[in-house]
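The values are calculated or read from the model by the stated rules, or taken from the named source; none is laboratory data. Keep in mind the model is a prediction, meaning the values are calculated, not measured. When we count neighbours, we look across all protein chains shown, and the Cβ atoms used for this are built from the backbone with ideal geometry, even at glycine.
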């Protein structure tokens, strides 16, 4: 081709791609009118600079260039000549609808984008062999390709972000009646997937919350899906959610794009597992300990969308007071979308839930530990709303689940100790219902307050306020003697005493009457 069509058409094509939000190419003349132009010979080389590469920590994403079109200056005719860098590229261009380089320069943006993606795909699968060109300099998200011969280059970036193919053309332009070669600058358009995990409607913000056994916990996941190139080889985009011991089950699972509820198997696939290593699949979501969501990124409802995933899980009796039960989500996407066996980026987000307990120690007034006492725990001061427990061992109980045999009566062990586990923050009321033998029943209803030491800052610690662990400590003292009845029961008590005395007197008279005289 002997006319300078490539720059005109390529510039048009790039402007359309910019409108699609895929890439942003800016020639050096946009930088400076005087710039770094050089009079052209076929020995001239130029520089392509790619800026705006993504960063994770101190590591920046990488980019490589592949020559797509050769450009040669004919000094005899003072014309520019274009040709495909490889015949195989010309064949791919023909499949994309370009019969020649001339047709390519006249083509539209969509056809050009498909061609770039097809080249990337063929290179990744080994069907097209093109020598990659490494940048001479890389620093702070900028890659500089120096000493490049004239031509058009397609560039592919990989790493923590998802990129569409980019192109840069080192093509002579006329300046003051003479062909000059100018360097090229490309602003990479990068998209980084994101993930955020929250506790929805929690009383301590989004990152942690306090719960009791049987409580329902509302979790929310929010993720941003990138626009994967249409012909990308690897479009994997998935979430893996794992619940630690003490959390179980997935209920009311829903995925939304704005107010639109997405459809399973059309927009995503979800798999539930009964273990936390994601090896044992289960159809019973309520027993799930983990699950995986695979998003179908070719769906118009998913590609480039900000999605919300809501579900409910349960606090179980395996929660340990003071030890956080974590729920962790891991987002995975490929580092190189053009490789099926690509390594994966991962991004984690965790939330934590805590539970608490009460420890009771029974003493007498001489500091002796007492056995034989029983208690009940209530949620209200009037002692009407009982808390039901399941027995683990002597003197140790946890809040009962729906499936467990439960009781409201709690007995201390032989050391006079009673432990209650699986309680949320709040006020509770402890009442003794049976005293140790020989001791009077305590009439005091003890108020027990459970409040995490970090409650005010919304960052829970698993330790109670003004305490060293997750258990509220309660001491109950009994005195020796008989428990007097309530005021309303005094008449019945006196009648019982009088009846007992009369019965004993009658027995005594009976035996005296039977005694014979003289004996």
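Restricting attention to segment 352-396, the residues being under 19 Å from residue 442 (Cβ atoms), out of contact with any strand residue (DSSP E or B) (no Cβ under 9 Å at 6 or more places or on another chain) and either assigned to a strand (DSSP E or B) or modelled with pLDDT of 95 or more (or both) number 0.
Would you check which residues across segment 194-203 are farther than 15 Å from residue 350 by Cα and outside any strand (DSSP E or B) and list them?
In the first step, residues of segment 194-203 are kept if they are farther than 15 Å from residue 350 by Cα; the result is 201, 203.
Scanning segment 194-203 gives a single hit, 201.
Count of segment 144-201 residues, restricted to those that are at positive phi and in contact (Cβ under 8 Å) with a residue 40 or more places away in the chain, is 3. Checking segment 213-228 against the condition returns a match, with at least one residue being in a strand (DSSP E or B), more than 17 Å from the chain's Cα centre (by Cα) and in contact (Cβ under 8 Å) with a residue 24 or more places away in the chain.
Collect the residues in segment 360-377 that are surrounded by fewer than 18 Cβ atoms within 10 Å (Cβ to Cβ) and touching a residue at least 40 places away in the same chain (Cβ under 8 Å), keeping them in residue-number order. Of everything in segment 360-377, those that are surrounded by fewer than 18 Cβ atoms within 10 Å (Cβ to Cβ) and touching a residue at least 40 places away in the same chain (Cβ under 8 Å) turn out to be 361, 363, 364, 365, 369, 371, 372, 374. In this structure, does residue 102 turn out to be touching a helix residue (DSSP H, G or I) at 6+ places or on another chain (Cβ under 8 Å), modelled with pLDDT under 95 and either part of a strand (DSSP E or B) or buried (at least 19 other Cβ atoms within 10 Å of the Cβ) (or both)? Here the answer is no, as residue 102 does not meet what is asked. Of the residues making up segment 139-149, at least one is within 21 Å of residue 336 (Cα to Cα) and more than 38 Å from the chain's Cα centre (by Cα). Does residue 323 satisfy the criteria of being in a loop (DSSP other than H, G, I, E, B) and surrounded by fewer than 14 Cβ atoms within 10 Å (Cβ to Cβ)? The answer is no for residue 323. Going through (1) surrounded by 15 or more Cβ atoms within 10 Å (Cβ to Cβ); (2) on the phi < 0 side of the Ramachandran plot one by one, residue 462 falls short only on (2). Residue by residue through segment 412-439, note down the ones that are assigned to a loop (DSSP other than H, G, I, E, B) and crowded, with 19+ Cβ neighbours inside 10 Å. 412, 416, 424, 425, 435, 436, listed by residue number.
In segment 276-285, is there at least one residue being on the phi < 0 side of the Ramachandran plot, assigned to a helix (DSSP H, G or I) and in contact with a strand residue (DSSP E or B) (Cβ under 9 Å, 6 or more places away or on another chain)?
So the first thing to find is which residues in segment 276-285 are on the phi < 0 side of the Ramachandran plot, and the list is 276-277, 279-285.
Checking the rest, the ones that are also assigned to a helix (DSSP H, G or I) come to 285.
Remaining after also requiring in contact with a strand residue (DSSP E or B) (Cβ under 9 Å, 6 or more places away or on another chain): 285.
Looking through segment 276-285, at least one residue is on the phi < 0 side of the Ramachandran plot, assigned to a helix (DSSP H, G or I) and in contact with a strand residue (DSSP E or B) (Cβ under 9 Å, 6 or more places away or on another chain).
Checked against (1) touching a strand residue (DSSP E or B) at 6+ places or on another chain (Cβ under 8 Å); (2) part of a loop (DSSP other than H, G, I, E, B); (3) at pLDDT 90 or above, residue 475 passes all but a single condition, namely (2). Test residue 271 against the criterion of being surrounded by fewer than 19 Cβ atoms within 10 Å (Cβ to Cβ) and not in a strand (DSSP E or B), and give yes or no. Criteria not met by residue 271.
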